[in-house]
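> Structure below; questions to follow.
The values are calculated or read from the model by the stated rules, or taken from the named source; none is laboratory data. It should be emphasised that the depicted structure is a prediction, and the values quoted were computed from it without experimental measurement. Neighbour counts are summed over all protein chains in view; Cβ atoms, including those assigned to glycine, are modelled from backbone coordinates with ideal geometry.
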Amino acid sequence: MKDEQLPQYDEKTRRRIEAMVEAEARYLAQMRRHPRGPLASPARMTGRRGFLAAAAAGASLLPTIVHAKAPPGAVERPVPADPTKEQGTPTNDDGGYGSRSQFESETRWRFGTATRESSWTMTPLENGVGVITPSGLHFERHHGGIATIDPSRHSLLVHGMVDQPKKYSVADIRRFPSISRTMFIECSGNGLTEWSKPTLKTVQGTHGLTSTSEWTGVPLALLLKESGLKPGAKWVLAEGADAAVMTRSIPLEKCLEDAFIAYGQNGEAIRPEQGYPIRLVLPGWEGNTHIKWLRRLEVSDVPFMTREETSKYTDLLPDGRARQFTFVMEAKSVITFPSGEMRLPGPGFYEVTGLAWSGRGKITRLEVSTDGGKSWADAHLQGPVLAICHTRFRFPWFWDGKPAVLQSRATDETGYVQPSLKQLVDVRGLNGPLGSIYHLNAIQSWAVAADGSVSNVHA
Amino acid sequence: MSTLEHAVALAALLALAAGCAAQRSTEPPQAAYSGSKLALGSTPTAAELAHYYSYPADGRGLPPGSGSYAQGQKIYQAKCMACHGEKLEGTKIGDKLIGGRGTLVNASPAKAPVKTVESYWPYATTLFDYVKRAMPFNAPGSLSDDEVYALAAYILGEANIVPKGQTLNAATLAAVQMPNRNGFVSPDPRPDVR
């Protein structure tokens, strides 16, 4: 698309997009300044693999570099010329809670909203390996900042159309029979900048509002059973204890099927920014329904028509009608290596890898195209493949050095095939430059130029 | 839990574990116990429950009190205008609250629809609920019910949805017909691409 054909954003949209582009640009600049980071200049090497190879090759020559400041989550330590010739850091010197290597610098970056309280951050998918997102890199979306809650003073109320209203302390919740589930949570706004033209440069920008954790908690069905449901009960309002007092109405059917109240994330208490001490988890449904800092569940016969389920998380189509209660996150995938702003050092072998996920169940097939969708071949799915969970795929590729367009296409166990952007827009239309904003799950295209540079394109 | 209860719970767990051994793993994961009630937690008092609210579209549970356009205008100027603008037009921080009627039907990728309380929100009860729980941004939950009714009267008055002389209370707020009342469709029609 040529510049003059670009959509004319209204002021608010333009501000949002510009802020997002700026935030990503700042992050990229910072990553390139990091002397041995994945995007360091001048090598601009390509992801963790390249960084490790470069580090290994130059190991004996590395001088002792002490950075002015360690990356977030790391402790700066002097680097010996030869770690076999002197003792390392004393045991438990980290105070008993570990930190990551000072050589790892990827972080979430924040969308440049006007306030820092109603904002979001993106997971650096390009640096991720496996399927678990480190808790500290799990994407965030807050509507009133991150609540700081003393668990000894927090409780969960269950009331409304129930026989027996209940109040649970966090300790009570932890006494219930528990489950753990490794699953993704994705914000329905993931990719909102990408409807009408490629806007952000990196996969963190285009797809970083999805993350996978192992969540541990109590099935909501058990709590509802304690209270007993009255005839006619159909919806449950979930309310958070943050400054937005965030509320969503959830169909009772989902609450009884697989919803749970989580207190654990990746083996420890969930992080404050993920809703400490407890949050609602609705497997496969849009992230905003997983109410954080959960304090109240009200059973009702009707939905409450809260602000978030009327004016915000609804999908306005060109005919002026808006889809409401569009909960499920449909099958989606993206190649994370190679991806935007990386540079392949030259022709040869590369393992193309990425993530696929579906809110409706397991990923059953992942195809990769290296010619912009003209031909497809099956990629290898890393097992175990879990339902409603990031699934890692891998695809061996010999790059001939000619321009290529890489795409991935997921199929889930319901037979649903991830659509192209054109297919999606043909059905939903474009109501403004951001389309219907939410639920963009189209195939992503990365163009590899002859010089090896990778960029976000619509193909 | 008494010793007897322990024994019963343990027996149930063991029976379940034995039953599961021959089965495929369950998905979604099931708790290891699904027997009778566990009698955990306590009973909240009526006073505790009275602290919480949320008002569905039929207005049930809306609190006593009322407010007028004129009262709302004063409160708006003192507590809302800094973020939402002198004419409710929105600023960098706060959403535009009025205008935008006729922009929702729009097949142009170049022009964005203008979604406001006036043009988009289907229920006036949502406005009351949201302002009461989360506004103003710098002091959420600080407004009295009378103040929230007054703000609703002012915003809906400026939006030409409610006459400026109309006082809003539980009954009149629930009766307000918003322009986009019928603009929402559910259930979810997806999968819509096949």
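> Could you check how many residues of the stretch B:76-114 are at the interface with chain A (Cβ under 7 Å from one of its Cβ atoms), buried (at least 21 other Cβ atoms within 10 Å of the Cβ) and under 12 Å from A:Leu316 (Cβ atoms)?
Looking only at that region, the number is 4.
> Tally up the residues in the stretch A:312-326 that are within 7 Å of another protein chain (Cβ to nearest Cβ) and surrounded by fewer than 23 Cβ atoms within 10 Å (Cβ to Cβ), please.
Counting residues in the stretch A:312-326 that are within 7 Å of another protein chain (Cβ to nearest Cβ) and surrounded by fewer than 23 Cβ atoms within 10 Å (Cβ to Cβ) gives 7.
> Among the residues of the stretch B:119-158, write down those that are of a type in the set (D, E, K, R), in contact with a Gly (Cβ under 9 Å, 6 or more places away or on another chain) and within 11 Å of chain A (Cβ to nearest Cβ).
Within the stretch B:119-158, B:Lys132, B:Arg133 meet the criteria.
> Within the stretch A:104-164, considering only strands (runs of 3 or more DSSP E) that don't extend past its boundaries, which have at least 2 residues that are more than 30 Å from A:Gln444 (Cβ to Cβ) and over 12 Å from the mean Cα position of the chain (by Cα)?
Strands (runs of 3 or more DSSP E) meeting the threshold: A:155-160.
> Let me ask you something else. Any idea which residue in the stretch A:254-299 is farthest from the other protein chains (Cβ to nearest Cβ), counting only those that are within 28 Å of A:Gly191 (Cα to Cα) and β-branched (Val, Ile, Thr)?
The residue in question is A:Ile270.
> Only one of these is within 14 Å of chain B (Cβ to nearest Cβ) and modelled with pLDDT of 95 or more: A:Ala331, A:Ala379. Name it.
A:Ala331
> So A:Ala238 clears everything in (1) farther than 24 Å from A:Leu192 by Cβ; (2) of a type in the set (Gly, Ala, Ser); (3) in contact with a Lys or Arg (Cβ under 8 Å, 6 or more places away or on another chain) except one condition, right? Which one?
Here A:Ala238 meets the rest and fails (1).
> Just to be sure before I move on: is A:Ala442 within 10 Å of another protein chain (Cβ to nearest Cβ) and part of a loop (DSSP other than H, G, I, E, B) in the structure I sent?
Yes; evaluated as a whole, the condition is true for this residue.
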